[in-house]
Amino acid sequence: MFGIIDVNNCYASIEALFDPRLRGKPLVVASNNDGCAVARSAEAKALGIKMTEPVHEIRERHPQVIIRSSNYELYADMSSRVMRIIDELVPEQEIYSIDECFCSLRGIADRAALALQVRDRIRLWLGLPVCVGIGSSKTRAKLSNFIAKKRPQYGGVFDIEALSPDQQSELMEGIDVDEVWGVAERTRTKLERLGITNVRQLRDADPEWIRLHSSVVLQRTVEELRGRSCLALELVPAPRKQIVVSRSFGKAATNFQSMREAVVTYASRAAEKLRSEQMVARYLSVFIHTSPFRANDAQYSATRTIKLPNSTNDTMVIAAAAAALLESTYRDGYRYAKAGVMMIDLTPQAHRQADMFESPGNIARRAKLNAVMDRINNTYGRETLRVASSGRSRGWAMKREHLSPRYTTRWSDIVVAHAR
DNA sequence: TCTGGGGTCCTAGGACCC
DNA sequence: TCTGGGGTCCTAGGACCC
């Protein structure tokens, strides 16, 4: 038996938690670059504002909506507090994303009571609203969570297994198929052609037939909807397979110099991430592209990958390789919107294969240099020390014009309460 | 002016091996 | 006259999640 616990309108709820003026107002949290909506308060949802809707369109249509830039430092800190509270109450926990976790409810006599306890404690200790869904598979738990959110009369907790088979069928019949975990736009369209539009129809479809017309992934979803659990709780996070650092630019980049600054900056960040996870990478990819939304602009996109001479997490090596890759990728005369760096084929640093042509002394010195850089940047802030080719102009840097303070992670931003 | 970032898994087809 | 079969690995593209 599984539970899924998630924070309602997570980023919007956190923003409103620290700034009470936002409560009860339509609030949208924007993606990086203040580009599109990634979270909405209940009031913003009621206005019909959709996920990933462009911020400039929201402003035009609903001038009263309050916009906040996303503040991941704040959200990540609040997330870890939520996860800690849950961990103390449930037997086993799988952190699934920044705002949700699965847990095992096997052997719990009164599941609903435990779920309510989790909900109440997070509300009381942190001031954040959560919903809990319960089901015999992860997919059914997710469906319960959807009901818990949609129907406030259940008090934020719903357990589909507490219903009779007939009640379950009736409930599922009233839910669109694309509310199922793993079914999005494309699959919904495909299923529609097969005559499947609600959850009950998907559950009752023949899994083999589904595999023939779609994929084993959807077949598994059908099995899960039927209550045969195919996706286990993952208590140990699987080792990561790749690291990506990419950003859209605040304004279009139109020359090689800007692009190189951006790519070197992202490559440095990727190397830092590798080191923080004690991993090394064998392959490096660089990609750049223009904006597909600017129909009148000439379009260009390209990716280049190289195998590094040795698996590495050395900033200087990775930055230089990324800059070299960019040279073979870059074409003049385009308005570039985005660039990114991917580290691929990751292995633990401890297993790194030595190269007979490398000087051991040199390797040790470089490791020391990178470690010093990490220590300085951890103490004095990101990019205090960085490679020179990452540049100073930063015309491409992302926009965050409505950023809230880092209330819980910076001394200077801490909230002060005044007695009256 | 303005449309996110980071990740996973699956599938199909080609290259290559024995 | 007659030109294999089974396996792996890699890549690109698609779909999905939050």
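The values are calculated or read from the model by the stated rules, or taken from the named source; none is laboratory data. Here the structure is a predicted model, which means the values were calculated and not measured. Counting neighbours? That spans all protein chains shown, and the Cβs are built from the backbone with ideal geometry, glycine included.
Quick one: which residue in A:Ile134, A:Ile85, A:Ile49, A:Ile67 is surrounded by 14 or more Cβ atoms within 10 Å (Cβ to Cβ), more than 16 Å from A:Leu17 (Cα to Cα) and either within 15 Å of DNA strand B (Cβ to nearest atom) or modelled with pLDDT under 95 (or both)? Explain how you work it out, then say what you get.
Working: A:Ile134 fails: either within 15 Å of DNA strand B (Cβ to nearest atom) or modelled with pLDDT under 95 (or both); A:Ile85 fails: either within 15 Å of DNA strand B (Cβ to nearest atom) or modelled with pLDDT under 95 (or both); A:Ile67 fails: more than 16 Å from A:Leu17 (Cα to Cα).
Only one candidate passes the filter, namely A:Ile49.
Listed conditions (1) buried (at least 16 other Cβ atoms within 10 Å of the Cβ); (2) within 16 Å of DNA strand B (Cβ to nearest atom); (3) of a type outside the set (Gly, Ala, Ser) are all met by A:His56, apart from (1).
I'd like the residue in the stretch A:90-125 that is within 16 Å of DNA strand B (Cβ to nearest atom) and among the aliphatic types (A, V, I, L, M) and, out of all such residues, is nearest to the chain's Cα centre (by Cα). Of everything passing the filter in the stretch A:90-125, A:Ile98 is nearest to the chain's Cα centre (by Cα).
What do you reckon, is A:Val7 away from DNA strand C (no atom under 13 Å from the Cβ), surrounded by 21 or more Cβ atoms within 10 Å (Cβ to Cβ) and of a type in the set (A, V, I, L, M)? First the steps, then the outcome.
Details: away from DNA strand C (no atom under 13 Å from the Cβ): no; surrounded by 21 or more Cβ atoms within 10 Å (Cβ to Cβ): yes; of a type in the set (A, V, I, L, M): yes.
Criteria not met by A:Val7.
Cβ-Cβ distances below 6 Å connect the following pairs, each with a first residue in the stretch A:237-249 that is within 21 Å of A:Thr303 (Cα to Cα) and touching a residue at least 12 places away in the same chain (Cβ under 8 Å), a second residue that is within 6 Å of DNA strand B (Cβ to nearest atom) and among the charged types (D, E, K, R), and a separation of six or more residues or different chains: A:Ser248/A:Lys338. For A:Tyr336, the conditions (1) surrounded by 11 or more Cβ atoms within 10 Å (Cβ to Cβ); (2) out of contact with any Ser or Thr (no Cβ under 7 Å at 6 or more places or on another chain); (3) closer than 28 Å to A:Trp396 by Cα; (4) at pLDDT 85 or above are fulfilled apart from (2).
A:Ala302: surrounded by fewer than 18 Cβ atoms within 10 Å (Cβ to Cβ), more than 22 Å from the chain's Cα centre (by Cα), of a type in the set (A, V, I, L, M) and in a strand (DSSP E or B), yes or no? Taking the combined requirement at face value, the residue satisfies it. Could you please find all residues in the stretch A:383-407 being without any contact (Cβ under 8 Å) to a residue 60 or more places away in the chain, in a loop (DSSP other than H, G, I, E, B) and loosely packed, with under 12 Cβ neighbours inside 10 Å? Correct list: A:Thr384, A:Arg392.
Here is a yes/no grid of residues against (1) surrounded by 18 or more Cβ atoms within 10 Å (Cβ to Cβ); (2) within 10 Å of DNA strand B (Cβ to nearest atom); (3) in a helix (DSSP H, G or I):
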residue	(1), (2), (3)
A:Ala205	yes, no, no
A:Ile210	yes, no, yes
A:Glu224	yes, no, yes
A:Arg240	no, yes, no
A:Glu261	yes, no, yes
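Taking the condition part of a loop (DSSP other than H, G, I, E, B), surrounded by fewer than 15 Cβ atoms within 10 Å (Cβ to Cβ) and among the aliphatic types (A, V, I, L, M), does A:Ala295 pass? Judged against the criteria, A:Ala295 is a match. Applying the selection to the stretch A:5-27, what residues are of a type in the set (A, V, I, L, M) and over 17 Å from the mean Cα position of the chain (by Cα)? Hits for the stretch A:5-27 are A:Ala16, A:Leu17, A:Leu22, A:Leu27. Checking each residue in the stretch A:329-385 for being among the aliphatic types (A, V, I, L, M), within 25 Å of A:Phe256 (Cβ to Cβ) and within 16 Å of DNA strand C (Cβ to nearest atom) picks out A:Val341, A:Met342, A:Met343, A:Ile344. Would you confirm, using the coordinates I've provided, whether A:Ala109 is over 18 Å from A:Ser41 (Cα atoms) and touching a residue at least 60 places away in the same chain (Cβ under 8 Å)? No.
Take A:Ser97 and tell me if it is out of contact with any helix residue (DSSP H, G or I) (no Cβ under 8 Å at 6 or more places or on another chain), crowded, with 17+ Cβ neighbours inside 10 Å, of a type outside the set (Asp, Glu) and closer than 27 Å to A:Ile14 by Cα.
Taking the combined requirement at face value, the residue does not satisfy it.
Counting only helices (runs of 4 or more DSSP H) wholly contained in the stretch A:5-96, the ones carrying 3 or more residues that are within 22 Å of A:Asp413 (Cβ to Cβ) occupy A:10-18, A:72-89.
Starting from residues that are among the small types (Gly, Ala, Ser) and surrounded by fewer than 17 Cβ atoms within 10 Å (Cβ to Cβ), keep the ones in the stretch A:141-181 and report whichever is nearest to the chain's Cα centre (by Cα). Please lay out each step first, then the result.
To start, the set of residues in the stretch A:141-181 that are among the small types (Gly, Ala, Ser) comprises A:141, A:144, A:148, A:155-156, A:162, A:164, A:169, A:174.
Still in the list and also surrounded by fewer than 17 Cβ atoms within 10 Å (Cβ to Cβ): A:155, A:162, A:164, A:169, A:174.
Details: A:Gly155: 27, A:Ala162: 32, A:Ser164: 36, A:Ser169: 33, A:Gly174: 29 Å.
Among residues in the stretch A:141-181 that are among the small types (Gly, Ala, Ser) and surrounded by fewer than 17 Cβ atoms within 10 Å (Cβ to Cβ), the one nearest to the chain's Cα centre (by Cα) is A:Gly155.
Applying the set (1) away from DNA strand B (no atom under 16 Å from the Cβ); (2) more than 28 Å from the chain's Cα centre (by Cα) to A:Thr312 leaves exactly one unmet item: (2).
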